[in-house]
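Trainee: For reference, the structure I am asking about is given below.
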Amino acid sequence: MKVLLTGGAGYIGSHTAVELLRAGHDVVIIDNLSNANESVIENIQKIVQRPVNFYHGDLLNPADLDRVFADHKIDAVVHFAGYKAVGESVAKPLMYYQNNLVSTLNLLETTTRYGVKNLIFSSSATVYGIPEKLPVVEESPLSTLSPYGYTKLAIEHILTDVAAADPSWNITMLRYFNPVGADASGLIGESPRGIPNNLFPFIMRVATGELPELGIFGNDYDTPDGTCVRDYIHVTDLAIGHICALEHLGGLRIYNLGTGRGYSVMECVQEFSRACGFGIPYVIKPRRAGDAPAIYADPTRAANELNWHAQRDLADMCRDCWKYQKNKQ
Ligand code: NAD
Ligand code: UDP
């Protein structure tokens with residue numbers, strides 16, 4: 001298959017590119033580098049020893065998309081491109097609605113024009129809001145608290161309508177839980193700009209000494225140790241999930257991609273300390289607005305229908321994060 005990855009220079013996209021290339025597929029990437037560096041493309045090529053077709057382009061500009069489809073016979077698209085920071089989306093909602101929604105509409109318009117109707121969309125566990133029952137299944141009630149979350153829900157609705165209107169579309173929406181870790185090569189990983197919002201990037205900056213301590217947002221939740229519980233999934237397992245999804249396209253499908261196991265913030269701090277060999281200083285801070293006390297996936301549908309299982313555990317995630325971080329220094 002020749003697969004177009006929008007936002008393919010980003011964290012999850014770059015790991016998916018590597019796994020697709022390792023599995024023998026061809027990859028085309030379009031990315032405006034708003035949250036990625038062009039060196040990622042070189043590193044993907046270094047890992048797989050194969051060339052990658054890269055377009056420095058913006059999905060907000062239909063001409064950029066048109067160029068890609070005119071140059072390549074694309075079999076399927078994986079749509080990663082978008083903004084993803086919950087807090088920033090609250091501060092700048094229009095920027096989020098504009099980029100995430102208009103990009104998707106432009107993409108759908110272009111793929112339709114070129115007759116490419118195989119699509120995988122990067123959705124998120126954020127569409128489950130604060131779940132009442134755990135683990136969450138794909139039919140769990142949907143709700144969300146941030147403009148970012150609304151863009152994911154809105155795109156899920158748009159894609160559902162598109163699939164209903166034209167049954168020749170094959171659309172799979174993947175609801176990712178919390179991706180962490182890095183490719184085992186240590187050459188690509190997650191390196192957000194500025195002060196990180198997410199737990200693991202923050203822990204890594206504390207481990208390198210760039211930030212003095214981690215703030216743990218709340219230790220009085222109704223969870224085993226009082227800190228929030230999430231379903232962390234190794235980014236390589238997540239990337240492989242996209243290949244399984246591409247191999248099982250057919251109609252409209254929705255899958256949770258998580259491990260099914262929750263870990264608390266405190267467990268993550270302890271596991272990371274084991275991986276790097278020293279303690280991570282932390283302080284307990286007030287709860288962060290909008291945080292669910294606990295959320296983890298029921299990944300049974302992906303196991304049954306895609307034959308996909310997460311293979312890597314939290315220790316692997318911490319080890320690979322740390323390897324990437326040390327490589328970068
Ligand atoms: P990322 O920011 O690393 O990657 C997104 C890429 O899209 C970036 O490289 C960015 O430069 C590019 N981009 C943004 N707007 C663009 C545009 N208009 N045109 C072209 N390129 C554009 O993020 P990620 O963590 O790799 O996430 C990928 C997708 O998965 C996103 O849609 C995100 O919402 C979703 N997701 C991520 C997580 C997570 O925790 N990382 C969880 C659930 C869902
Ligand atoms: N978290 C924390 N300190 C930080 C960043 C995150 O305690 O500096 C907690 C956060 O409250 C949540 C968990 O870590 O319970 C995962 O947060 P993240 O932002 O990585 O993912 P999400 O909130 O999207 O699940």
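No value in this document is a laboratory result; all are computed from the given coordinates. Quick caveat: nothing in here was measured; it's all calculated off a predicted structure. Every residue, glycine among them, receives a Cβ derived from its backbone with ideal geometry; neighbour counts consider all protein chains shown.
Trainee: Pairs of alpha-carbon atoms within less than 8 angstrom and 6+ residues apart define the contacts here; what relative contact order does region 196-256 have, in percent?
Mentor: Numbers: 21 pairs, mean separation 7.9, N = 61.
Result for region 196-256 is 13 percent.
Trainee: Using θ = phi - 60° and the Karplus curve 6.51 cos²θ - 1.76 cosθ + 1.60, what whole-Hz ³J(HN,Hα) does each residue of region 305-310 get, with Gly and Pro shown as x?
Mentor: For region 305-310, the Karplus-derived couplings read 9, 9, 6, 10, 9, 5 Hz, x marking Gly and Pro.
Trainee: Just want to confirm a number: the relative contact order over region 6-85, from Cα pairs under 8 angstrom separated by 6+ residues, in percent. Walk me through the numbers on the way to the answer.
Mentor: On the way: 95 pairs, mean separation 28.6, N = 80.
Relative contact order comes out at 36 percent.
Trainee: State the answer as a single residue: which of 277, 266, 218 lies farthest towards the positive end of the charge dipole of region 200-281, with beta carbon charges of +1 for Lys and Arg and -1 for Asp and Glu, about the Cα centre.
Mentor: Checking the options against the dipole of region 200-281, the answer is 277.
Trainee: If you don't mind, there's one more thing I want to ask. Let me have the relative contact order for the chain, percent, based on Cα pairs under 8 Å that are six or more residues apart.
Mentor: Working: 651 pairs, mean separation 62.1, N = 329.
Worked out over the chain, it gives 19 percent.
Trainee: Using alpha carbon centroids, what distance separates region 94-121 and region 149-212, in Å?
Mentor: If we compute the Cα centre of each part, the gap is 17 Å.
Trainee: State which entries of 117/152; 2/92; 84/285; 285/328; 2/328; 2/326 exceed 26 angstrom in Cα-Cα distance in the structure shown. Walk me through the numbers before you get to the answer.
Mentor: Details: 117/152 20 Å; 2/92 35 Å; 84/285 23 Å; 285/328 30 Å; 2/328 31 Å; 2/326 33 Å.
As for pairs spanning more than 26 Å Cα to Cα, those are 2/92; 285/328; 2/328; 2/326.
Trainee: Could you identify which residue out of 181, 209, 260 has the top mean-square fluctuation in a GNM of the chain using Cα springs shorter than 10 Å?
Mentor: Between 181, 209, 260, it is 209 that shows the largest mean-square fluctuation.
Trainee: Going through region 69-126, which trypsin sites (Lys or Arg not before Pro) have at most 15 other Cβ atoms within 10 Å and a DSSP loop state? Display every interim value, and only then the final one.
Mentor: Details: sites: 73, 84, 113, 117; in loops: 73, 84, 117.
Answer in residue order: 73.
Trainee: If you don't mind, there's one more thing I want to ask. Quick one: which residues, 5+ away or cross-chain, put their amide H under 5 Å from the amide H of residue 176? H built at 1.01 Å from N.
Mentor: Amide H to amide H, under 5 Å and 5 or more residues apart or across chains, residue 176 pairs with 123, 124, 125, 257.
Trainee: Now for a separate question. Fewest to most neighbouring Cβ within 10 Å: what's the order for 318, 276? Don't skip to the end; give the middle numbers.
Mentor: Values: 318 26, 276 19.
Ascending Cβ contact count within 10 Å gives the list 276, 318.
Trainee: Here's another thing I want to ask about it. Would you look at the GNM of the chain, springs on alpha carbons closer than 10 Å, and say which of 93, 212, 299 moves the most?
Mentor: Taking springs between Cα atoms under 10 Å, the residue moving most is 212.
Trainee: Each residue of region 81-87 in order: what ³J(HN,Hα) in whole Hz does its phi give by Karplus 6.51 cos²θ - 1.76 cosθ + 1.60, θ = phi - 60°, with x for Gly and Pro?
Mentor: So the Karplus estimates, Gly and Pro as x, are 4, x, 8, 9, 8, 4, x Hz.
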